[in-house]
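Have a look at the structure below, then the notes.
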Amino acid sequence: MGECQLAFESDRSWSTVVPAGIPLNHGSVGVSFGFSVFNLMNAIMGSGILGLSYAMANTGIIGFTALLLIVASLAAYSVYLLLSMCIQTAPSLGPH
């Protein structure tokens with residue numbers, strides 16, 4: 001069992017290093033796309049929340065409120081643009 005072998009799959013790519021005698025588990029799902037997106041959003045929002053206090057300390061309440069409203073409106077507009085592009089390109093994504 002101390003000996004390792006390289007698993008050579010049918011598509012001719014080297015995939016993993018597994019101990020000799022242990023079968024590969026092809027039925028495992030792994031990490032989903034949704035979980036990866038959740039982790040990315042969590043990291044971005046965490047650093048953003050930490051940065052808010054620093055921005056407020058440097059700009060004051062009035063300046064911070066103005067900057068926050070500007071950034072929030074730009075974010076809302078970018079979400080609107082993304083959703084409108086999704087609606088416009090949805091018929092071309094799959095067979096209908």
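Placing dummy labels 7 Å off each Cα toward the beta-carbon, the span from residue 59 to residue 42 is 2.8 nm. Note on residue 73 and residue 32: the extension gain reaches 11.6 nm, defined as 0.36 nm multiplied by sequence separation minus the Cα-Cα distance.
Using θ = phi - 60° in the Karplus curve 6.51 cos²θ - 1.76 cosθ + 1.60, the 3J(HN,Hα) couplings for the range 38-54 round to 4, 5, 5, 5, 4, 5, 5, 5, x, 5, x, 5, 5, x, 5, 5, 5 Hz; x is entered for Gly and Pro.
The numbers here are math on the coordinates, done by the rules we state, and not lab data. Worth saying up front: this structure is predicted, and the values here are computed from it rather than measured. Ideal geometry is used to build each Cβ from the backbone, glycine not excepted, and the neighbour counts take in all protein chains shown.
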